[in-house]
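The structure under discussion appears below in the form of C-alpha cells.
The values are calculated or read from the model by the stated rules, or taken from the named source; none is laboratory data. Note that this is a predicted model, so its numbers are computed, not measured. Neighbour counts are summed over all protein chains in view; Cβ atoms, including those assigned to glycine, are modelled from backbone coordinates with ideal geometry. Just so you know, the surface numbers come from the protein's heavy atoms only, side chains and all, with ligands and any DNA or RNA stripped out. Shrake-Rupley method; radii C 1.70, N 1.55, O 1.52, S 1.80 Å.
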Amino acid sequence: MDDRPDGDPSRTARTAAVKATYERIATHFAATREYAWPEVKSFVADCPPGRVGLDLGCGNCRHAELLATRTDRVVGLDLSRGLLATGRTRARERGFDDQLDLLEGDAATLPLASDTIDLAVYVATLHHLPTRETRIASLAALERVLAPGGRALVSAWSTAHPTFDGHDEGFDTTVDWTLPGGDPVARFYHIYDPDEFDADLEQSGLSVRECTVSSGNCYAVVESR
Amino acid sequence: MNESLLEILRCPLDKAELTLEDAEYDGDEIVSGTLVCTECGERYPIEDGIPNLLPPDMREGTPA
C-alpha cells in the first residue's frame with residue numbers, strides 16, 4: 001500500500017489549510033467541546049473491552065476519555081498540534097493520561113499498523129477531509145487498522161440537519177468559527193447526504209453493522225471485513 | 001509517548017515499521033527523538049512527547 005499524497009498537491013494544500021484553521025482556533029474550540037456526545041457514550045458502553053482504542057480526530061480527547069474506560073491504552077490522533085495539547089491537559093486533569101498516547105497525523109494516511117485497534121471512534125472529523133477520494137481513503141485506513149472483531153463508530157454532519165434545509169445532496173461548504181473578539185475563521189466541511197455516507201462506507205471496504213441519522217449527523221457502527 | 005506505542009506506529013507513506021533514534025526518556029515516556037522508516041528512510045520527529053507522523057509535505061513549515 002502506498003498513500004503518498006505527492007500526486008495531488010491540491011489535496012495536500014487543502015488538508016494543510018484545515019490544519020492551520022484548527023491550530024488557530026484550538027484553545028477556544030476545545031473549551032466549547034466539554035462533553036462527550038450521547039451517541040458516542042452509548043456506543044462505547046455497548047462495546048466489549050479491548051486492548052487498544054483509537055480516537056481519530058481526537059480534538060480535546062473528550063471521546064478518548066470514554067475509550068479509556070473500555071481499553072487498556074488509547075491513541076488520540078489529530079491533525080492539529082494545538083488541539084492535541086488541549087487533549088493532554090484534559091487527560092491530566094481527569095486522570096487518564098497514563099493510558100493515553102497522542103499522535104499528530106492525517107486520517108487519510110493513518111500511521112498505524114494493520115489489525116491493531118479494538119475500539120475506535122471517528123466522530124465529527126470525516127467531514128473535514130477535502131475530497132471524496134481522501135474521505136474514502138480514510139475509511140479504508142480505518143478498516144485496515146481495526147483488529148478482527150474490532151468495532152468503530154463513524155459520524156459526519158449531514159443534510160438531515162435543519163441548518164441545511166433545502167439541500168438533498170451532499171455538498172462542500174465552509175462554516176465560520178467565531179473567536180472571542182469576533183474574528184471569524186472559515187472551516188471546510190463536506191456535508192453528507194445519508195445515502196452518500198452509506199455509499200462511501202460501502203466503497204471503503206468497511207462492514208456496516210448499523211447506520212442511523214441522529215441530531216443531524218450520520219452515524220455508522222462498522223467492523224473490519 | 002509510551003514506549004509500547006512504537007509497536008503499532010507505522011510510516012504514513014508506506015506503512016513500514018519505524019525505528020527510534022536519539023531518544024530522550026522520562027521514565028517509560030519518550031519525550032523526544034526521531035522515528036525513521038525502515039523502508040523509505042523518511043524521518044519523523046517526536047517533540048514534547050508527541051510523534052509527528054504527518055506525511056512530510058503536510059508538516060508545518062512545508063510550503064503547500
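Among the complete DSSP H segments of chain A, which ones combine at least 18 Å of alpha-carbon extent along their axis with a mean Kyte-Doolittle hydropathy of -0.5 or more?
Answer set is A:9-31, A:132-145.
Return a whole-number percent for the relative contact order of chain B, with Cα pairs under 8 Å and 6 or more residues apart as the contact set.
26
Once you average over the residues of A:113-120, how many Cβ atoms of partner chains fall within 10 Å of each Cβ?
2
I need the phi-derived Karplus couplings for the stretch B:40-51: 6.51 cos²θ - 1.76 cosθ + 1.60, θ = phi - 60°, integer Hz, Gly and Pro marked x.
Rounded to whole hertz, the list is 9, x, 4, 10, 10, x, 10, 10, 6, x, 10, x.
Give the ranking of A:VAL145, A:VAL213 by solvent-accessible surface, highest area first, calculated with a 1.4 Å probe.
A:VAL213, A:VAL145
Select from A:ASN217, A:THR32, A:HIS190 the residue farthest towards the positive end of the dipole of chain A; place +1 on Cβ of Lys and Arg, -1 on Cβ of Asp and Glu, and compute about the Cα centre.
Highest projection toward the positive end goes to A:THR32.
With no solvent and one equal point scatterer placed on each C-alpha of chain A, evaluate the Debye formula and give log10 I(q)/I(0) for q = 0.10, 0.14, 0.17 Å⁻¹, two decimals.
Results for chain A at q = 0.10, 0.14, 0.17 Å⁻¹ read -0.41, -0.85, -1.31.
With every protein chain kept in the model, how would you rank A:SER42, A:SER158 by accessible area, 1.4 Å probe, largest at the top?
A:SER42, A:SER158
Please check the stretch A:74-112 for residues whose accessible area, probe 1.4 Å, is lower by 30 Å² or more when all protein chains are in place than in their chain alone.
The answer is A:ARG81, A:ARG88, A:ASP101, A:LEU102, A:LEU103, A:GLU104, A:THR109, A:PRO111, A:LEU112.
Roughly how crowded by other chains is peptide B:44-51, in terms of the mean Cβ count from those chains within 10 Å of each of its Cβ atoms?
Across the residues of B:44-51, the mean count of other-chain Cβ atoms within 10 Å is 4.
Does any residue of the stretch B:1-39 lose at least 30 Å² of accessible area with all protein chains in place compared with its chain alone, and if so which ones (probe 1.4 Å)?
Flagged in the stretch B:1-39: B:ASN2, B:LEU5, B:ILE8, B:ARG10, B:PRO12, B:LEU13, B:LYS15.
Given contacts defined as C-alpha pairs under 8 Å and at least six residues apart, what's the relative contact order of the stretch A:1-134, whole-number percent?
That works out to 27 percent.
Using θ = phi - 60° and the Karplus form 6.51 cos²θ - 1.76 cosθ + 1.60, what ³J(HN,Hα) does each residue of the stretch B:21-27 get, whole Hz, x for Gly and Pro?
Taking θ as phi minus 60°, the curve returns 10, 6, 6, 10, 10, 10, x Hz for the stretch B:21-27.
At A:ARG92 and A:ASP46, where each label point lies 7 Å from the Cα along Cα→Cβ, what is the point-to-point distance in nanometres?
For A:ARG92 paired with A:ASP46, the spin-label model returns 3.7 nm.
Considering chain A as a Gaussian network with a 10 Å cut-off on Cα pairs, which listed residue, A:PRO38, A:PRO148, A:PRO194, attains the greatest mean-square fluctuation?
Maximum fluctuation in the GNM of chain A, among the listed residues, is at A:PRO38.
When the accessible area of the protein assembly as shown is computed with all protein chains present and a 1.4 Å probe, what percentage of it is carbon and sulfur?
Whole-percent figure for carbon plus sulfur exposure: 46.
Counting alpha carbon pairs within less than 8 Å and at least 6 residues apart, what relative contact order, in whole percent, applies to chain A?
17
Leaving out ligands and nucleic acids, and using a 1.4 Å probe, what accessible area per residue does chain A come to in Å²?
Per residue, chain A has 41 Å² of solvent-accessible surface.
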